[in-house]
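I have placed the structure first, in the form of structure tokens, so that the comments after it can refer back to it.
The values are calculated or read from the model by the stated rules, or taken from the named source; none is laboratory data. Just so it is clear, the model here is predicted, and its values are computed rather than measured. Cβ: placed from backbone, ideal geometry, glycine included. Neighbour counts: every protein chain shown. Remember, those area values only see protein heavy atoms, side chains included, never the ligands or the DNA or RNA. Shrake-Rupley method; radii C 1.70, N 1.55, O 1.52, S 1.80 Å.
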Amino acid sequence: MSERLIFGQVLGFAGDPFAEGPGAARHERRGAVLVRDGRIAAVGPADDLRAAHPGVAAVEYGEALICAGFVDAHAHYPQTAMIASWGKRLIDWLNSYTFPEEMKFGDPAYVAEIAARYFDLTLSNGTTTACSFCTIHPESVEAFFAEAQVRGVRAVAGKTCMDRNAPEGLRDTATRAYDESRALLEEWHGVDRLSYAITPRFSPTSTPEQLEALGALWAEHPDCPMQTHLSEQVDEVAWVAELFPDARDYLDTYERFGLLRPGGMYGHAIHLTARERARLTEVGAAVVHCPTSNTFIGSGLFDMAGLVRGGPRIGLATDTGGGSSFSMLRTMAAAYEIGQLNGAALHPAELLWLATQGSARALRMEDRIGNLAAGMEADLVVLDLASTPAIAQRAARAEDLWEAIFPTIMMGDDRAVQAVWVGGEPVAIPDG
Ligand code: GUN
Ligand code: ZN
């Protein structure tokens with residue numbers, strides 16, 4: 001049995017702060033987390049836990065804040081090396097930067113190098129679960145899962161299927177998409193902490209036959225997540241209407257082929273119709289907010305205020321490399337900024353909840369990850385709330401917990417990530 005008592009400030013959630021307000025958070029100024037065999041066994045006041053478990057080895061983080069590790073609900077690990085590519089909007093950005101980079105992922109040596117680099121970067125930013133698109137190449141999925149498995153992290157990924165409107169070399173067919181996705185799913189789904197996500201890139205790059213084939217695969221494996229993109233840019237929505245003249249709207253291009261059900265994760269979801277919102281909610285699907293991507297690629301303002309109450313599940317994500325950061329702190333800051341422009345001043349409790357429980361709910365994993373509570377898997381991030389002089393001088397004036405945390409949300413980066421625990425063990429964080 002492996003047991004550790006980890007001391008610091010501790011922050012978890014007893015409920016959803018969007019529904020219950022910031023009081024849904026549970027904070028101990030001098031708290032502790034008891035970790036046993038990869039799971040959280042108890043969370044509470046430091047003195048109580050120490051008294052109840054006198055012999056257990058201690059790890060001391062002092063004033064730092066221990067929370068659940070961040071959950072990035074939508075990323076493209078193959079875009080790691082081309083993040084921050086200048087000057088294009090979605091379709092031109094895909095053609096100019098993304099597709100040429102993704103073309104390289106048939107090379108096992110390159111794929112392994114980028115997969116390792118991706119996990120170095122995300123773990124050093126406190127992300128303990130990522131849900132990533134791969135490329136058309138099965139090797140890209142193998143490398144991602146192999147790397148995640150070695151590191152013991154919970155991870156979700158799938159082969160990105162495309163059979164039209166993409167260059168030669170990045171296209172499969174309906175049959176190959178089904179066969180290769182199924183083989184990968186059977187190899188990896190449910191192994192250790194890994195889950196396979198059925199992954200049509202988006203409607204413009206799949207024929208109806210391919211969408212139908214992947215819908216059939218999902219019907220055979222309904223416990224798998226399914227990830228794709230939805231209504232990111234206005235031009236893209238118009239293009240989808242041309243490509244699918246019979247569809248009622250963008251969401252219907254998925255729905256009519258069996259690609260709308262619980263476990264569906266639809267990235268971006270900015271330019272939605274009333275029908276799309278209602279259907280996503282009714283089905284119990286999730287939309288994934290990717291705020292740094294939405295400003296970087298110039299997509300628009302996600303309607304957090306309109307979607308959050310009584311709407312679909314909402315996850316938060318970096319969308320690297322359309323997104324401009326690997327950091328979920330920076331991503332929370334961008335969500336705050338977009339909220340400010342669009343009628344919702346998100347409270348720090350809501351931002352932290354989105355980056356942990358919100359994304360875990362989008363993945364249907366909220367019973368396992370994304371919260372600091374007994375029974376959860378012990379994936380933790382330890383945040384230094386005074387990691388730079390600018391943050392420290394602001395936090396020094398804080399009159400309550402949220403004022404102490406908000407400067408790190410708005411101005412923090414990987415320097416704020418003092419430690420990361422994965423599956424109950426501390427992770428060596430590479431130097432930046
Ligand atoms: N839509 C289809 N593919 C992509 C992608 O790789 N990134 C983003 N941001 N949007 C997409
Ligand atoms: Zn994406």
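Data for the structure
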read-out	value
Surface/4 estimate of mean projected area, convex hull on alpha-carbon atoms of the stretch 58-198, nm²	10.2
Semi-axes of the equivalent ellipsoid for the stretch 364-432, Cα gyration tensor, largest first, Å	25, 16, 9
Cα-based equivalent ellipsoid, the chain: semi-axes from gyration tensor eigenvalues, Å	35, 23, 20
Distance (nanometres) between label positions extended 7 Å along Cα→Cβ at Asp37 and Lys104	4.4
Pairwise label distance in nanometres, Asp400 with Ala374, each label 7 Å out on the Cα-Cβ vector	2.8
Over 21 Å [Cα-Cα, the stretch 311-432], rounded percent	43
Efficiency of FRET between Ser96 and Ala305 - r from beta-carbon atoms, R0 51 angstrom, step 0.05	0.90
Convex hull per residue volume in Å³, alpha carbons only, for the stretch 259-305	76
Isotropic mean projected area of the C-alpha convex hull, the stretch 140-264 (nm²)	7.6
With DNA, RNA and ligands ignored, accessible area of Val288 (1.4 Å probe; Å², nearest 10)	0
Accessible-area value, Arg4, 1.4 Å probe, nucleic acids and ligands omitted, Å²	50
Orientation-averaged projected area, Cα convex hull of the stretch 1-122 (nm²)	12.0
Three-way shape label, the stretch 225-376, alpha-carbon gyration tensor, a/c 1.5	oblate
